[in-house]
Structure formats: C-alpha cells, structure tokens
Amino acid sequence: MSVRKNILLAASCIGIMAVTAPKEGAAVPAYARQVGMSCTACHFQRYPQLTPFGRAFKSNGYSQKGKQYTIEDTNLSLPTSLNASLVSKFRFQKTNGTDNADPLNMGELQVPDEAILYLGGRVGKNIGFQAEISLGGTAALTGFKMPFVFPVDKDYTVSVIPFITDAQGPAYGFELLSTGAVEYARPFEHIDETSAQQYLRKDADNAATGVTVVAFHKYGYLSYTPYVVGFATAAPRKFMSYVRGVVIPDKIHNFDVAAGFQLWKGDSKTDIGAAPTLNSIDAWALDAQAQGKYGDYPLGVYLSYGSAAGAGATGNLFNAEPNSKTAFAIATELGLVPSKFSVGLGYRAANNGLGGSDSENAFTLGGNYHVAKNVTFQLNHSFYSYGADAKAALPAGAGDQKTTFVMFSAF
C-alpha cells in the first residue's frame, strides 16, 4: 500500500475520532502505594499511558518518595514496606475459522492469560527496581530491571538500567510512549492489529538480557541498549544494538505530544553449554502520539510505522520472509464517560514480506467498562483482509475475524 494511501487512511481515522475511545485500566498499585497518589497522577486515562508526571517518575527510576515512611541512614533510604501488586488478566478469545484443530476457532478460555506479582519501587536515593513474577503454573521470575539514575540538573538525568525479560525485548529497559514500542505499552488488547512495532516482532523470540543507557531531558530522551537474545542463563559473546530516540515538546493546543524512532541492528552470540546460539536483526520504526482532550473528552491518538528487512543469508528475528516486512498503524482513544465507559478504533495496513499480493490489513473496534480504576472489562473485535498471496499462505480454514473479551484487574 502506498504512503499516500496510508496518509489518507490516517486522515480518515482522525476524522472520526469523536466516536472512538480508549481502554482505561490501572497503574501498577505498588508505585501508587509508594508515592501516596492515585493512579491518575501518573497515567493518562489508563495504565500504561503516562502523563508528564508519570514520565518523570519513571525516568527517575521509580525512586521518588511520597507519604510512605522510609528507613534513613548513611547511604540508606529504604521504604518501610516492600511494595507489591497483583495483576491478573482473564481472557476469552474466538476466531471465526472453520478448522476445529485450532482451539481459537471454537473459542478458548484463557484463565489466567496473565497472573503476575509485581514488586517495585525505591531501593535507595536515585536507585529503583521492578520485578515481575509469573504466578501461572510454576512461579518464575519473568522480568527484572534496576535503574541507577545520575541527576545532572533539575531537567536532565543519565540512567544505567540492567535488565532481563522473557518477552518484552530490549525496549523493556526504558520506554515512555504507548504506541506499542514495547509490548505492554499498547493502545489495544489486539496489539498486532494496532501497533506496527508489535506486528513486526510477533514471530520473534523477544526474550532479552542487556543494559540500557538513557540520557533523559524533559524535552525527550535518547537510549542505547546492547543486548543478547535469551533470558537469564547465557554467556554473551556478541551483542545486538537497540537505539531509541524520543522528542517531547511543550504542549500543542493542550495536547501532550511525543514522537520518536526505534532501530534494531546487528548480531548476537551466546554460549549455552557447548553450543553457540546466533541471532540477527535488522528493523526500524517511527512512532508518534498525542494525548489531551477533544472538547470535554479525554483523547489519545497513536501512530506507528515500521519495516524489517528481508531475512537474507543471516536471517532476521523480525522477519522470516525474503522481502521487507512493513506496517502502518493508527489507534484512536476517546473517553465517552471518563473513568466509566469508553470505546476504541484502530487500523493496520501491512505487508508480510512474502512478495506479490502480501497485504495483511486489520480494522479493530474496542469497548471498555470500568468497574473501578483498577478493574476493567474490555472487548476487542478485529476484521482482517488479505492480498491473494497472503491469503493463500494462511492455514486451511483460517478465519477473517477475531473477538477477545478480557477482565483486567490490578491491586
């Protein structure tokens, strides 16, 4: 699909934003307990969209103090309580295909789709942490990071963030936008259908171990992450590179805006036992967002475009096909009854890299009912359309619609 057509589609979506809307979930309550503030202090509409205060809290390594008491001594500033949150997601998902070998065609109850114990907050002055422990099946650590923050002045900091993650990729180290630049920061439950970055990486092994170095200013940030593919046990011999840049200007017409780029490049090599593991990656993305109000209604708009080079001789974690894999996505969110009811709309135009008629497009509708700020019922429904070659590559009996119902809670 041409760039001109993508621009026209984006304009069309923006034109109907008055009848679109977002999900509103909850912040990770561990941090709300630490600072003694409502989730809305850090989050626009819902978790994970961040307000300027939320970006500042995260850029300072989750270490900001609030009403919670701390144990103070020389080189010690530790909260009296270990802050924790339980985040759960129960999900029912169904596609309209005819092949009963695929459980989604019959309807699948995923209970729990997620059940995660979050521990996080202040470790000391300018040091914080976040740990994620999956409670599904055998309890296991699924993510960990510990930001070390070095303030330069009141607006500028440098951070060093060692991390491991089983599924979020190198962007897990540090990310402030909600375009799907990292998986959990997404505008819809149907993430591949509403985020170009997530469409690109959906077939990739996104476990990562690395260190993110961030230069942050109130007007944006630049980060560099050397990393290897794999979780926890690995002997790194060669690192891939991930670079992220974001510009955050002053508000424009009462909208908080931001735009950025992502670049994944290079090869990694790890030795596990006697056998080396080699991986290659070559991809980039551009994204932008605007969060503010349309009249009296909270409104978010999220745009993304990405491309992953053809696999070639060395392969590409984001693309197993011979030709470039590309995607453009837009998601709009508008709170019709703030803190209670919202709906949403998203569109994706993509090419899967097969060549020929390889388009994979999706149109997504969403609705959300917020029982409380930290308990939400969500409904997403996507319609798919395919080029002839892309459709021929689908499994026999594959459907062209998907419905997902989610109960999300965090406490």
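Simple spin-label model, 7 Å along Cα-to-Cβ: Asp296 to Lys125 in nm?
4.8
At a Cα cut-off below 19 Å, give the lysines reachable from Lys265, other chains included and same-chain residues fewer than 8 away excluded.
List returned: Lys202, Lys238, Lys325.
In deg cm²/dmol and to the nearest 500, what is the mean residue ellipticity at 222 nm of the chain if only DSSP H runs of at least 4 residues count, each as -39500 (n - 2.57), divided by the residue total?
Working: 6 runs with 43 residues, N = 411.
Here the helix-only value at 222 nm equals -2500 deg cm²/dmol.
Which net charge results for the neighbourhood of Gln110, defined as the other residues with beta-carbon distances under 10 angstrom from its beta-carbon, given Lys and Arg at +1 and Asp and Glu at -1?
Values: positive: Lys89, Arg91; negative: Glu108, Asp113, Glu114.
Combined, the nearby Lys, Arg, Asp and Glu give -1.
Test of the criteria: in region 136-205, which trypsin sites (Lys or Arg not before Pro) are in a DSSP loop and have at most 16 other Cβ atoms within 10 angstrom of their Cβ? Let's see the in-between values first.
Details: sites: Lys145, Lys154, Arg201, Lys202; in loops: Lys154, Lys202.
Here the trypsin sites (Lys or Arg not before Pro) that fit, given the DSSP loop and packing criteria, are Lys154, Lys202.
Measure out, as a whole number of angstrom, how far apart the alpha-carbon centroids of region 145-202 and region 273-319 sit.
First find each Cα centre; the distance between them is then 11 Å.
Which residue, Ile330, Ile133, Ile116, tops the fluctuation ranking in a GNM of the chain built on C-alpha contacts under 10 Å?
Maximum fluctuation in the GNM of the chain, among the listed residues, is at Ile133.
Share of Cα-Cα pairs in region 343-411 beyond 13 Å, in percent?
69
Readers should treat all values here as calculations from the given coordinates under stated rules, not as data from a laboratory. These numbers were taken from a predicted model, which means no experiment stands behind them. In this analysis, Cβ positions are derived from the backbone assuming ideal geometry, glycine residues included, and neighbour counts consider all displayed protein chains.
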